[in-house]
Amino acid sequence: MEMTDNLKKLKDREKELKRQKLKNNLKLFFSNKRAVFGVVILAFFIFMAVIGPLLYDYDHFLYFLGPRVGFPTEEYKLGFDELGRDVLGAVIYGTRASLAIGIFVTLIIVFVGATFGIAAGYFGGLFDIVIMRITEAFSIIPTIPLILTLSAIIGQNFSNIILILGLTGWPSTARLVRSQTLSIKQRNYVERAKAIGAGDIYIMMKHILPNVFPLIFSNIILLVQNAIITESTLAFLGVGDPTIPTWGQLLRSAREQGAISTGSWWLFIPAGICLVLLASSFVFIGYGFDEINNPKLRRR
């Protein structure tokens, strides 16, 4: 009975320490002005992606609402594109597409990269060599040509673009997780778990993954940003789903219509500003997480 009470107290103490650590980390994060600025920008775009389509009616296939590359009007604040479609509606709906790309591509990258990285680092030997050679092969091939080739083979619809970006972006995460796993698997608690007969899957899930997760979480910020920029680059090059409006498609349209030379600012400035601000928000948020994970930065 006394042992049970002591065990309960120990668990309660561990929970209290975790809550205190989370509280301190949140306080540290929100004390970083750049991180708070990034959160505000990201919250604005999330609001626009969720609430915007409910408040602003837009149909991507409703052509010739106005003149081709028409000037902004009182009703259509950002004018019209080359097909007479509402540019403001495309910008609002493009927010949803960009955030979806960033989130789902990152989930694929983290799942594949973490799985391969933990398995390669934990098992080592021939398995590690094979996984690392595959990782190096993906890293050597130029990313954009590889994505263009795959999109030509399997198609350019929205889900295929997400799948392609996810399956071509995992090598850096795998290498990062593997290096951390090599260090963690040498620690005493892992050796003790092996000694008492714990299985490999149990050790990787209960001991390795929780300890590499902070590193993975910090890397997620950059992964989302890279996914958004890469998708916009592909759309700018003409690779993307034409049925879904994206900021990259708006920029491609502006280039094709010579918007800069003709002064059609509404075709490229709103989409460009949104893309820069959304990508920058993740960079600013990353400063806050870097400060949490690296105590040396707090002294600066």
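The values are calculated or read from the model by the stated rules, or taken from the named source; none is laboratory data. All values reported here derive from a predicted model rather than from experimental measurement. Using ideal geometry, Cβ is built from the backbone for each residue, glycine included, and neighbour counts are taken over all protein chains shown. The accessibility values were calculated without ligands, DNA or RNA, using every heavy atom of the protein model including side chains. Shrake-Rupley method; radii C 1.70, N 1.55, O 1.52, S 1.80 Å.
List of remarks:
- The single condition among (1) free of Cβ contacts under 8 Å to residues at least 12 places away in the same chain; (2) open to solvent by 70 Å² or more (accessible area, probe 1.4 Å); (3) part of a helix (DSSP H, G or I) that residue 137 does not meet is (2).
- Region 244-278, residues that are open to solvent by 10 Å² or more (accessible area, probe 1.4 Å) and either within 25 Å of residue 34 (Cα to Cα) or among the acidic types (Asp, Glu) (or both): 256, 269, 270, 272, 273, 274, 275, 276, 277
- Residues satisfying the stated conditions in region 45-104, i.e. of a type in the set (D, E, K, R), more than 21 Å from residue 257 (Cα to Cα) and out of contact with any helix residue (DSSP H, G or I) (no Cβ under 9 Å at 6 or more places or on another chain): 74, 75
- Cβ-Cβ under 6 Å pairs, at least 6 apart or on other chains, region 145-163 side in contact (Cβ under 8 Å) with a residue 40 or more places away in the chain, far side aromatic (Phe, Trp, Tyr): 162/104
- Some residue of region 282-299 being hydrophobic (A, V, I, L, M, F, W, C) and at pLDDT 90 or above: no
- Close pairs from region 66-93: first within 18 Å of residue 51 (Cβ to Cβ) and touching a residue at least 24 places away in the same chain (Cβ under 8 Å), partner open to solvent by 20 Å² or more (accessible area, probe 1.4 Å) and of a type in the set (Lys, Arg), Cβ under 6 Å, at least 6 apart: 88/77
- Only a single criterion out of (1) over 18 Å from residue 225 (Cα atoms); (2) hydrophobic (A, V, I, L, M, F, W, C); (3) crowded, with 18+ Cβ neighbours inside 10 Å is not satisfied by residue 127, namely (3).
- Members of region 83-109 that are open to solvent by 40 Å² or more (accessible area, probe 1.4 Å) and more than 26 Å from the chain's Cα centre (by Cα): 83
- Residue within region 32-51 that is at pLDDT below 85 and surrounded by 12 or more Cβ atoms within 10 Å (Cβ to Cβ) present: yes
- Condition check for residue 88: at pLDDT 90 or above and farther than 24 Å from residue 218 by Cα: yes
- Single residue of 212, 239, 224 found to be within 16 Å of residue 275 (Cα to Cα) and touching a residue at least 40 places away in the same chain (Cβ under 8 Å): 224
- Residue 193 of a type outside the set (Ser, Thr, Tyr), more than 25 Å from residue 272 (Cβ to Cβ), assigned to a helix (DSSP H, G or I) and open to solvent by less than 60 Å² (accessible area, probe 1.4 Å): yes
- Restricting attention to region 223-243, the residues being in a helix (DSSP H, G or I), open to solvent by 10 Å² or more (accessible area, probe 1.4 Å) and either within 30 Å of residue 258 (Cα to Cα) or modelled with pLDDT under 85 (or both) number 7.
- Among the residues of region 175-190, the ones that are in a helix (DSSP H, G or I) and free of Cβ contacts under 8 Å to residues at least 24 places away in the same chain come to 4 in all.
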